[in-house]
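Written out below as structure tokens is the structure these notes cover.
The values are calculated or read from the model by the stated rules, or taken from the named source; none is laboratory data. Just so it is clear, the model here is predicted, and its values are computed rather than measured. Neighbour counts run over all protein chains shown; Cβ positions are idealised from the backbone, glycine included. With ligands, DNA and RNA removed, areas are computed over all heavy atoms of the protein, side chains included. Shrake-Rupley method; radii C 1.70, N 1.55, O 1.52, S 1.80 Å.
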Amino acid sequence: MIRYALLVALAGALLPVQDPGPVGYDDTPFLPGGKWRVHDKNRPVPAVVTPGSGANLHSPPPSDAVVLYDGSGFDAWDKAWKQVEGGAMEVGGGDIATKRPFGDCQLHLEWRSPVMADKTSQSKGNSGVFLMDRYEIQVLDSYQNRTYADGQAAAMYGLKPPDVNACRPPGEWQSYDISFRAPRFAADGSVESPARVTVLHNGVLVHHDEPFLGPTAHRSLPEYAPHGPAPVRLQDHGDPVQFRNVWIRPL
Ligand code: MG
């Protein structure tokens, strides 16, 4: 019996985690174009690209940047997360949002997911960067972790997968460089121009001037409502993801 238990334990340690196959939904609304549903389980996942060694890490803030987090405290935020080694902060205790609202901007931040070997899909290193409090660029451990394509790391969540998967392994730092154009609304509340985003993940272009269809939603189609400048918000999805070196240039 003991020998058998040992064998099982050994096999579990040696065998790679099985690919769970398609993950996602087949009962959600179709995105415009009618090809893929929101979080479509059959939407192809992007090709894996190994980022270059620098991966835009330790990118120092330009002189006109507003430093949002450099390891010294939470003055720029509505509340504090835990500070950890290496000038980093760790998710816990709810979302945090900047005190200052922003619109058009260039945002740099670095993040890393913990090693969560027993978790899969959306339960593995999940957090998120919400531009204007509404438009999410997903943070997830997408290194050999299957999930629905529009929900993986660097996805415009629920809308568009990144063009490639440039995720580094859990425990390693990664960067996002985001340029964002706020939506414009007409006096009658209609959308003059949608929010648009360009994203580099670890220095690799993954969205190039892509429109948001509206504020990020889960399992449903987003819908715009007029709004002005709003905070950058970082998501607490229950996983101890870390962030460091967060700065923004209002445009
Ligand atoms: Mg998220």
(request) Could you grab me the full set of residues in the range 105-131 that are closer than 12 Å to F180 by Cβ and touching a Pro at 6+ places or on another chain (Cβ under 7 Å)? (result) C105
(message) Just to be sure before I move on: is V23 modelled with pLDDT of 95 or more, closer than 22 Å to Y143 by Cα and of a type in the set (V, I, T) in the structure I sent?
(response) no
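Here is a list: D75, D133. Which entry is open to solvent by 30 Å² or more (accessible area, probe 1.4 Å), assigned to a loop (DSSP other than H, G, I, E, B), at pLDDT 95 or above and within 15 Å of the ligand (Cβ to nearest atom)?
Result of the check over D75, D133: D133.
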(message) Here is a check on your reading of the model: is K99 without any contact (Cβ under 8 Å) to a residue 40 or more places away in the chain and more than 16 Å from the ligand (Cβ to nearest atom)?
(response) no
(request) Pick out the one residue from E210, E192 that is free of Cβ contacts under 8 Å to residues at least 40 places away in the same chain and more than 14 Å from the chain's Cα centre (by Cα). (result) E192
(request) For A153, indicate whether it is assigned to a loop (DSSP other than H, G, I, E, B) and closer than 25 Å to H227 by Cα. (result) no
(request) For the range 196-219, indicate whether the set of residues that are small (G, A, S), closer than 16 Å to Q122 by Cβ and modelled with pLDDT under 95 is non-empty. (result) yes
(message) What's the total number of residues in the range 118-130 that are part of a loop (DSSP other than H, G, I, E, B) and among the β-branched types (V, I, T)?
(response) 1
(request) For residues that are of a type in the set (S, T, Y) and within 15 Å of the ligand (Cβ to nearest atom), tally how many sit in the range 151-186. (result) 2
(message) Kindly evaluate Q106 against the criterion of being closer than 20 Å to T216 by Cα, within 16 Å of the ligand (Cβ to nearest atom), within 18 Å of the chain's Cα centre (by Cα) and not in a loop (DSSP other than H, G, I, E, B).
(response) no
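Consider the range 136-150. How many of its residues are within 13 Å of the ligand (Cβ to nearest atom) and either in contact (Cβ under 8 Å) with a residue 24 or more places away in the chain or in a loop (DSSP other than H, G, I, E, B) (or both)?
The qualifying residues number 9.
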